[in-house]
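*Asks:* One structure, as structure tokens, below. Some questions next.
The values are calculated or read from the model by the stated rules, or taken from the named source; none is laboratory data. None of the values given here were measured: they were computed from a predicted structure. Backbone-built Cβ (ideal geometry, glycine too); neighbour counts: all protein chains shown.
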């Protein structure tokens, strides 16, 4: 890149006014870029605040329907459902995960009936239903891969039957994308999309989310045998390539901001629709710092999301989604 020497080139010329800054901005954020994660719980016309995620609540199905309607009105085109599963529904084999009448599937049907234009994304992982709190079935202290893939495939089919538009396998088992895609084709769900959590790291930023879905107390040990080592980058590219070859339509990097380099590398290498999840810990840090007056929360929120776009992401899952959409609408 050739740049004229100073003073012929004065970069500040294009920063002088808001109009010039807007004209030359390289990355832009809009409601089209947002997916809103929503936590659902049993009950009626109620919500429960998640203490470690200020401003976020678990919603009963009827209130989740109202939230979906609100999202659509704000120009947000997709929501992602995560169920809070009561302890008496958690088992070692996670049978509730593929029940047609489980909380997630009931919420999906209700939302698609009331707000058919919004895309519903679902979480394909066993941790909300697992007595051990893991994303896979545990045998003698080991998270077993192939038996878990069979369970996840049953779960994916049940979610597709319920009307999910996008399946989000977040488990990080080997071979699960191919198994799900084959099963969906056989079952006639040819148009159901898969957004694979292809590069999901064993991160310290997930704690508040586990509180929100009730998995914190159940988790025994850690998830390092199936989630990625934070020190690895090349492995992420191999995982993304594998999942795309197995039939994923979109891929995700999780968490988001600590792994912006991975977002950029994935987008540049593959060109596939690439998403990042601004996870619960990222959200909680910004929100808590803002509440304490340490940062400008609104500016930090927008800046953090713009960083994903600058890194090459096509979209972001973020708990800030409705707040951001309102701001952008103004």
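*Asks:* Cβ contacts < 6 Å: first residue on the phi < 0 side of the Ramachandran plot, restricted to the range 129-145; second residue surrounded by fewer than 23 Cβ atoms within 10 Å (Cβ to Cβ) and outside any loop (DSSP other than H, G, I, E, B), any location; separation 6+ or different chain. Result?
*Replies:* Here the result reads 129/96; 131/91; 132/138; 134/143; 136/143; 137/147, each pair linking the range 129-145 to a residue that is surrounded by fewer than 23 Cβ atoms within 10 Å (Cβ to Cβ) and outside any loop (DSSP other than H, G, I, E, B).
*Asks:* Next up: All but one of (1) farther than 19 Å from residue 39 by Cβ; (2) touching a residue at least 12 places away in the same chain (Cβ under 8 Å) hold for residue 185, so report the exception by its number.
*Replies:* Answer for residue 185: the failing condition is (2).
*Asks:* Suppose we filter 68, 107 for residues that are more than 29 Å from residue 179 (Cα to Cα), touching a strand residue (DSSP E or B) at 6+ places or on another chain (Cβ under 8 Å), in a helix (DSSP H, G or I) and in contact (Cβ under 8 Å) with a residue 40 or more places away in the chain; which single one remains?
*Replies:* Going through 68, 107 in turn, just one is more than 29 Å from residue 179 (Cα to Cα), touching a strand residue (DSSP E or B) at 6+ places or on another chain (Cβ under 8 Å), in a helix (DSSP H, G or I) and in contact (Cβ under 8 Å) with a residue 40 or more places away in the chain: 68.
*Asks:* With the structure loaded, tell me whether residue 116 is under 21 Å from residue 34 (Cβ atoms), within 21 Å of the chain's Cα centre (by Cα) and part of a loop (DSSP other than H, G, I, E, B) or whether it fails that test.
*Replies:* So residue 116 passes the test.
*Asks:* Looking at the range 305-319, can you tell me whether even one residue there is without any contact (Cβ under 8 Å) to a residue 24 or more places away in the chain and over 13 Å from residue 33 (Cβ atoms)? Working first, answer last.
*Replies:* The first filter runs over the range 305-319 and keeps only residues without any contact (Cβ under 8 Å) to a residue 24 or more places away in the chain, leaving none.
No, there is no match, as no residue in the range 305-319 is without any contact (Cβ under 8 Å) to a residue 24 or more places away in the chain and over 13 Å from residue 33 (Cβ atoms).
*Asks:* Could you look through the range 182-205, keep only residues that are surrounded by fewer than 21 Cβ atoms within 10 Å (Cβ to Cβ) and in a helix (DSSP H, G or I), and pick out the one that is modelled with the lowest pLDDT?
*Replies:* 204
*Asks:* I'm trying to understand the selection: among the residues of the range 119-128, which are in contact with a helix residue (DSSP H, G or I) (Cβ under 8 Å, 6 or more places away or on another chain) and either free of Cβ contacts under 8 Å to residues at least 40 places away in the same chain or part of a strand (DSSP E or B) (or both)?
*Replies:* Selection gives 120, 122, 123, 124.
*Asks:* Is it true that some residue in the range 130-142 is within 21 Å of the chain's Cα centre (by Cα), buried (at least 17 other Cβ atoms within 10 Å of the Cβ) and outside any loop (DSSP other than H, G, I, E, B)?
*Replies:* yes
*Asks:* Which condition number in (1) in contact with a helix residue (DSSP H, G or I) (Cβ under 9 Å, 6 or more places away or on another chain); (2) within 18 Å of residue 321 (Cα to Cα); (3) in contact (Cβ under 8 Å) with a residue 24 or more places away in the chain; (4) not in a helix (DSSP H, G or I) is the one that residue 59 fails?
*Replies:* Residue 59 satisfies every listed condition except (3).
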